[in-house]
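The values are calculated or read from the model by the stated rules, or taken from the named source; none is laboratory data. Model, not experiment: these values are computed from the prediction. Glycine gets a Cβ as well: all are built from the backbone with ideal geometry, and neighbour counts include every protein chain shown. Calculation scope for accessible area: heavy atoms of the full protein, side chains included, ligands and nucleic acids excluded. Shrake-Rupley method; radii C 1.70, N 1.55, O 1.52, S 1.80 Å.
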Amino acid sequence: MQLFLTPAAVGYLTQFILSALISGYLLFSLRRSVHQSTLLLSGFFIFLSGLIGALLCESALPPTQRIYAVFVQNPLLGAALICLLQFTYYFPT
């Protein structure tokens, strides 16, 4: 498997690292106290990390292997938006 580090791929890589660090922090904070809003926000960032990882694979892989990353983008985006919508519903509490 050969990766092509285009400028878009480097941008997605930095976004992936940042969202993975935020996901790790939120999962670490869940160990202390479990709140539903923190759980939903960490779920959003986990799915967002997966989506950005799929976008990174789409921009860095050769055209014949790119289709596998494209197939998982819509379910990850849908799951991330569901978590974000539920987070906004439970946020005032």
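Inside region 5-14, can you point out the residues that are in contact (Cβ under 8 Å) with a residue 12 or more places away in the chain and open to solvent by 90 Å² or more (accessible area, probe 1.4 Å)? Let's see the steps before the verdict.
Narrowing region 5-14 to residues in contact (Cβ under 8 Å) with a residue 12 or more places away in the chain: 5-6, 8-9, 12-13.
Hit for region 5-14 is LEU5, nothing else.
So the check is Cβ under 7 Å with 6+ separation or different chains; which pairs have a first residue in region 57-83 that's farther than 19 Å from ALA9 by Cα and a second one that's open to solvent by 60 Å² or more (accessible area, probe 1.4 Å) and part of a helix (DSSP H, G or I)?
Every condition considered, the pairs that remain are ALA79/PHE47; ALA80/PHE47; CYS83/PHE47.
So TYR68 fits all but one of (1) assigned to a loop (DSSP other than H, G, I, E, B); (2) open to solvent by 80 Å² or more (accessible area, probe 1.4 Å); (3) within 30 Å of GLN2 (Cβ to Cβ); what number is the exception?
Status for TYR68: all satisfied but (1).
Just wondering, is there one or more residues in region 35-44 that are outside any helix (DSSP H, G or I) and not β-branched (Val, Ile, Thr)? Before you say what the answer is, go through the steps one by one.
Quick first cut of region 35-44, residues outside any helix (DSSP H, G or I) only: 35.
When the remaining residues are screened for being not β-branched (Val, Ile, Thr), the result is 35.
Yes, because at least one residue in region 35-44 is outside any helix (DSSP H, G or I) and not β-branched (Val, Ile, Thr).
Of all residues being open to solvent by 40 Å² or more (accessible area, probe 1.4 Å) and touching a Ser or Thr at 6+ places or on another chain (Cβ under 7 Å) in region 15-44, which is farthest from PHE87 (Cα to Cα)? Just the residue, please.
My answer is PHE16.
Regarding PHE4, is this residue at pLDDT below 95 and of a type in the set (Phe, Trp, Tyr)?
Details: at pLDDT below 95: yes; of a type in the set (Phe, Trp, Tyr): yes.
Yes: the conditions hold for PHE4.
Which residue out of PRO62, PRO75, PRO92 is open to solvent by less than 90 Å² (accessible area, probe 1.4 Å) and either part of a loop (DSSP other than H, G, I, E, B) or basic (Lys, Arg) (or both)?
Working: PRO75 fails: either part of a loop (DSSP other than H, G, I, E, B) or basic (Lys, Arg) (or both); PRO92 fails: open to solvent by less than 90 Å² (accessible area, probe 1.4 Å).
After applying the criteria, what remains is PRO62.
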